[in-house]
């Protein structure tokens, strides 16, 4: 068995979009040991997929974290690696190419000296899904399926959920406030949904508690910090609709098959990174506060059998 290494650190949305390439790589290397190198938030999720024989943790050590670099170096060098699919294609992951001993393994990515380079300015103009599909074609993998989370399962019986609910993702990266629709708008949207018998259920992490609390105060349910990634997928399967900012949980919802409305500002381009799923509608305003509650509510309720 040859060891095939796949590098994908995150963020969450990018990790979800990479599930198609993960599946393609697994199918192409059925007789090999396919190992994923990823960051702690995605280890359990990746293991549940059963697409990898092993999942290695990359703590992404800082410049002066010698023990972290030494641990990573030993892991990369102790066992021969035949081929690397660098789906992160960052300066950090490309630097790992330099850490590997000679003879270098086959390498699919943007690292200087890669055997299967994916270079050129046009690559950055492609949606993540299309860019990675092109990268794998150049490495000899012709068929890359759509992102898929059908394997993600969780028991959510401990959550008290209403019969009819909408999944809201009102948060996002703490350092990118321009990507957030105002919490007050999500609160107003919650009240609009309540009028038609739909309860808002807000999800998010520790950076999102102010926004999810606003939803709860408007009559919704606050699940911030209370759900795993697989549990969010299960929630999305049961929700009438998912509504949220350009953030990771919306990728989970859309890929799970939930009808999704995603809100974009000038800070990110949906042509490059919008969630992929059966029914995804993008609403975009340069300044998200200018996107009205009425517009979002109309998009969320259109065609819905509440």
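What whole number of Å gives the distance from the Cα centroid of region 144-168 to the Cα centroid of region 1-61?
With region 1-61 and region 144-168 each reduced to a Cα centre, they are spaced 21 Å.
Counting other beta carbons within 10 Å of each residue's own, what order do 66, 43 fall into, fewest first?
Result, fewest neighbours first: 66, 43.
Would you mind ranking 283, 5, 138 by Cβ crowding within 10 Å, fewest neighbours first?
In increasing order of surrounding Cβ atoms, one gets 138, 283, 5.
Cα atoms only: what Rg and Dmax, in Å, come out for region 104-168?
Taking only Cα atoms of region 104-168, I get Rg and Dmax of 19.2, 56 Å.
Based only on other Cβ atoms within 10 Å, what is the fewest-to-most ordering of 304, 250, 1?
Listing 304, 250, 1 from fewest to most nearby Cβ atoms yields 1, 304, 250.
At 7 Å along Cα-to-Cβ for each site, give me the label-to-label distance between residue 237 and residue 138 in nm.
Going by the 7 Å Cα→Cβ label model, 3.7 nm.
Just to confirm the number: angle between the C-alpha axis of helix 19-28 and the first principal axis of the chain, 0 to 90 degrees, nearest 10?
30 degrees
Going 7 Å from the Cα of residue 153 along its beta-carbon direction, which residues of region 238-257 have the amide nitrogen within less than 12 Å of the resulting point?
none
Using R₀ = 35 Å, calculate the FRET efficiency as 1/(1 + (r/R₀)^6) where r is the Cβ-Cβ separation of residue 146 and residue 292; round to 0.05.
FRET efficiency, residue 146 to residue 292: 0.65.
What distance in nm separates the simple spin-label points at residue 228 and residue 123, each placed 7 Å from Cα in the Cβ direction?
Result: 3.4 nm between the two label points.
Can you report the principal axis dimensions of the chain using only the alpha carbons, biggest first, rounded to whole angstrom?
Extents along the principal axes: 65, 41, 40 Å.
Largest first and in whole Å, what are the equivalent-ellipsoid semi-axes of region 165-301 based on the Cα gyration tensor, each being the root of 5 times an eigenvalue?
18, 17, 15
On a 0 to 90 degree scale, rounded to 10, what angle separates helix 229-238 from the longest Cα axis of the chain?
That works out to roughly 40 degrees.
Taken together, the values in this text are just the output of simple stated rules run on the coordinates, not laboratory data. Given the structure is predicted, the values throughout are model-derived calculations rather than measurements. When we count neighbours, we look across all protein chains shown, and the Cβ atoms used for this are built from the backbone with ideal geometry, even at glycine.
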